[in-house]
Structure formats: structure tokens, C-alpha cells
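Only one structure is covered here, and it is reproduced in the block below.
The values are calculated or read from the model by the stated rules, or taken from the named source; none is laboratory data. Keep in mind it's a predicted model, so treat the numbers as computed, not measured. All Cβ positions, even for glycine, are placed from backbone atoms using ideal geometry, and neighbour counts span all protein chains on display. For the accessible areas, the whole protein counts, side chains as well, though only heavy atoms, and no ligand, DNA or RNA atoms are used. Shrake-Rupley method; radii C 1.70, N 1.55, O 1.52, S 1.80 Å.
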Amino acid sequence: MKEWIKEVQTAFRTLEELLEYLKLNKLPYTLYNPKQFPLLLPRNYANKIEKSNPYDPLLLQILPLKEEKIAQGEKDPLQELHFIKNPGFIHRHKNKVLVISTGSCPVHCRYCFRRHFPYTQFSQTIKNPSPLINYIKKHSNIKEIILSGGDPLSLTDELLLPFLEKLEPIENLKIIRLHTRFITMIPERVTPQLLEILTLHSKKIVVVIHVNHPNEIGDKEEEILKKVTLEGITVLNQSVLLKNVNDKAEILEKLSYKLFNANVIPYYLHLMDKVEGGRHFEVPFKKAKAIYLQLLENLPGYLVPKMVVDPPASKHKKLILPD
Ligand SMILES: *Cc1c(COP(=O)(O)O)cnc(C)c1O
Ligand code: SF4
């Protein structure tokens with residue numbers, strides 16, 4: 001069996017097991033066991049969490065706090081279901097189409113804006129690509145396809161390859177983008193076979209990773225990111241600004257430099273969407289702007305991510321700048 005699949009199978013799935021591993025017995029907050037969107041994190045990520053520290057920034061991204069149940073918000077904060085086409089792609093931005101490639105992820109991020117997404121109903125495009133292929137051909141303004149999810153690298157190479165091959169002959173399509181947290185969660189996912197699939201493709205490939213905190217990039221992750229970029233693949237990073245995780249300019253500055261060391265360029269810094277169950281991660285707007293001002297002052301321009309919000313049903317992300 002492939003190493004990365006083993007890593008998926010041995011991921012932490014129960015609070016009891018995780019808390020014991022992290023030597024956390026007395027907690028300063030209350031947890032619960034969610035039935036929908038349960039606890040999930042791979043061992044490689046758990047290894048980076050400091051033992052006996054209930055406030056570790058990596059731990060806080062994945063812990064189901066009781067606050068999830070009280071907090072208000074939207075089940076579909078971006079109103080994506082207004083734009084979805086069966087069997088699972090979203091055409092909301094003029095020149096790009098986003099594919100819900102799978103409902104699976106290597107990790108369950110508690111702040112995820114798609115945590116309530118009806119994946120079982122809308123994630124059949126990879127297995128049944130004809131409606132999408134016909135749609136892209138018909139809409140010749142579409143230049144880019146974004147494989148999102150879920151995490152497209154949850155799909156095996158055996159599923160990905162035939163799908164990507166079907167994109168080869170579409171002339172108006174120029175760029176294939178993958179939005180993934182897999183590479184840093186389970187670096188073993190980057191198999192020689194996967195690299196071959198991506199580098200031999202005739203379209204330009206862009207990979208957008210999702211790292212929120214510098215502690216998520218250790219030697220192993222840095223090495224694999226360098227390997228991917230040295231193959232000629234553009235790798236960008238998106239982060240979400242999260243309360244008690246990365247809501248300090250120094251943390252985000254350190255993250256930008258760490259990414260740069262691994263040949264990755266910071267792309268977006270998202271402000272939280274108003275998703276039900278994730279409201280306790282929200283950073284006040286004023287504070288977000290103050291942090292961003294510091295980033296502008298302290299970082300070279302090319303290492304400052306764009307701070308954005310995604311207004312419901314908007315045709316593009318909205319840039320936020322300090323006053
Ligand atoms: C965010 C998003 C994209 C990608 O937008 P970029 O600004 O190009 O990164 C595309 N489609 C949808 C539906 C999105 O939410
Ligand atoms: S990996 Fe991405 S899609 Fe999956 S839970 Fe995390 S934020 Fe959501």
C-alpha cells in the first residue's frame with residue numbers, strides 16, 4: 001500500500017487518543033465530539049503540536065470546541081449552492097470554474113467555510129467529467145479550472161490521471177489549479193507518479209497550498225515544496241486569519257519568510273467567512289487591518305499576501321486595505 005494512504009488511515013480520529021498523545025489532561029476549554037465533520041488530523045501534523053500546550057496554534061485549528069455549537073452563522077456562507085452545476089462545479093468567477101473534486105480532506109479544519117457542504121450530492125465531477133468538459137468547451141471565456149473540494153489530492157493518482165487527461169484537448173483552457181492542504185499535511189502524497197502526472201501536462205499547473213502558521217512547515221515540508229517548485233510548478237499559499245492561531249503580525253511575517261525559503265509565494269490572507277460553527281475564529285476587522293499595516297511595513301512587497309474577503313455570491317474576492 002502507498003505510504004500516503006497509510007498516513008490517511010492512521011490519522012487521529014478520536015479526542016481521547018489525541019489528548020493522550022499530546023499529554024493534555026486538564027483543559028482550559030470544553031470540547032465535544034462532533035458527529036458531522038468529526039475530528040481528523042494526520043500524525044505528521046500532530047507531531048508538530050507542542051505536547052501539554054492547550055494553546056498550541058496548530059492544535060487550535062483542529063480542536064472541536066463547544067463554541068462551535070453556540071456560534072451563529074451560515075451553512076453556506078458564500079451562497080455557493082446558487083452557482084453550483086451538477087455533478088459538482090461552481091462557475092461564479094467569469095474566467096474560472098471551480099470543481100468540487102471530492103468531499104475528503106487530510107484534516108478537518110474547524111473554521112472551514114465548506115464544513116456543511118453537501119458533498120455527497122455534489123462531488124461526482126471527477127468520475128463523471130463529461131458535463132464539465134462540455135461546459136468549459138461551450139464557455140470559451142473559461143481559461144482556468146480549479147480543483148478544490150475537499151482536497152483534490154485525496155483522490156488517488158488512478159482517479160486524477162484520467163480526469164486530467166480529458167482536459168488536454170480543451171483549447172480555451174490554459175491553467176489547471178489545485179487547492180490542497182495535502183502536501184504539507186502528508187508530504188508522502190507527492191509521489192514520483194503524481195509529479196509526473198503534473199509536469200507532463202500540457203497546461204500550466206498552479207498549486208495553492210494552505211498554511212496558516214510557520215510551525216506547519218518543518219524540514220520535511222520545506223523539502224517537498226522545493227521539490228515541487230523545482231519541477232516548474234508554481235506554488236502559492238493561502239492562509240486564513242484566525243483568532244489565537246495567527247492573529248499577530250510577527251507570526252505572519254515569519255510564515256512569509258518560511259514559505260519563501262521553500263520557494264512558495266504568499267497569495268491570500270482570507271478574513272473568515274461567517275460560517276456556522278467557525279465564528280470563534282473571527283478576528284475583528286479593525287485588528288485585521290492593523291495587523292495588515294504591519295505586514296506592509298515590515299515585509300518586502302512580494303511577501304505580503306493580499307488580504308481578502310469573499311462576499312456571498314460575489315464575482316471576485318474583495319481586497320481589504322488598511323485605512
Ligand atoms: C476563490 C474562488 C476562485 C478563485 O479565485 P482567485 O481569486 O482567482 O484565487 C474561483 N471560483 C470560486 C467559486 C472561488 O470561490
Ligand atoms: S483542508 Fe480545506 S476544504 Fe478541507 S477542511 Fe481544511 S479548509 Fe476545509
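What the table shows:
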quantity: All positions within segment 90-117 that are in contact with a Phe, Trp or Tyr (Cβ under 7 Å, 6 or more places away or on another chain) and either on the phi > 0 side of the Ramachandran plot or in contact (Cβ under 8 Å) with a residue 12 or more places away in the chain (or both); calculated: H91, R92, V97, L98, V99, I100, G103, P106, V107, H108, Y111, R115
quantity: Whichever residue in segment 55-77 is aliphatic (A, V, I, L, M) and at pLDDT below 95 and, among such residues, is farthest from the chain's Cα centre (by Cα); calculated: I70
quantity: Residue check, L78 of a type in the set (A, V, I, L, M, F, W, C), touching a helix residue (DSSP H, G or I) at 6+ places or on another chain (Cβ under 6 Å) and within 16 Å of ligand 2 (Cβ to nearest atom); calculated: no
quantity: Segment 78-99: number of residues that are open to solvent by less than 10 Å² (accessible area, probe 1.4 Å) and more than 10 Å from ligand 1 (Cβ to nearest atom); calculated: 1
quantity: Some residue of segment 179-189 being open to solvent by 60 Å² or more (accessible area, probe 1.4 Å) and of a type in the set (S, T, Y); calculated: no
quantity: Single condition I136 does not satisfy, out of (1) touching a Gly at 6+ places or on another chain (Cβ under 7 Å); (2) without any contact (Cβ under 8 Å) to a residue 40 or more places away in the chain; calculated: (1)
quantity: Count - residues of segment 236-255 that are within 15 Å of R181 (Cβ to Cβ) and free of Cβ contacts under 8 Å to residues at least 40 places away in the same chain; calculated: 1
quantity: Segment 1-55: number of residues that are in a helix (DSSP H, G or I), crowded, with 17+ Cβ neighbours inside 10 Å and aromatic (F, W, Y); calculated: 2
quantity: Pick from segment 266-288, criterion out of contact with any Pro (no Cβ under 9 Å at 6 or more places or on another chain) and free of Cβ contacts under 8 Å to residues at least 40 places away in the same chain, ranking: least open to solvent (accessible area, probe 1.4 Å); calculated: E282
quantity: Pair list, Cβ < 9 Å and 6+ apart or interchain, from segment 148-164 residues that are in contact (Cβ under 8 Å) with a residue 12 or more places away in the chain and closer than 21 Å to M1 by Cβ to residues that are assigned to a helix (DSSP H, G or I) and within 16 Å of ligand 1 (Cβ to nearest atom); calculated: L160/P152
quantity: Those residues of segment 214-264 which are open to solvent by 10 Å² or more (accessible area, probe 1.4 Å), within 16 Å of ligand 1 (Cβ to nearest atom) and not hydrophobic (A, V, I, L, M, F, W, C), in sequence order; calculated: T234, Q238
quantity: Segment 71-92: number of residues that are of a type in the set (D, E, K, R) and part of a strand (DSSP E or B); calculated: 2
quantity: Residue that is surrounded by the fewest Cβ atoms within 10 Å (Cβ to Cβ), among those in segment 308-323 that are closer than 15 Å to Y267 by Cβ and within 9 Å of ligand 1 (Cβ to nearest atom); calculated: H316
quantity: Residue ranges of strands (runs of 3 or more DSSP E) in segment 230-323 with at least 1 members hydroxyl-bearing (S, T, Y); calculated: 234-240, 265-270
quantity: Test result for L164, open to solvent by less than 10 Å² (accessible area, probe 1.4 Å) and among the aliphatic types (A, V, I, L, M); calculated: yes
quantity: Residue that is nearest to ligand 2 (Cβ to nearest atom) [pool: residues in segment 100-129 that are open to solvent by less than 60 Å² (accessible area, probe 1.4 Å) and β-branched (V, I, T)]; calculated: V107
quantity: Residues satisfying the stated conditions in segment 136-153, i.e. more than 14 Å from R92 (Cα to Cα) and more than 16 Å from ligand 2 (Cβ to nearest atom); calculated: K137, K138, S140
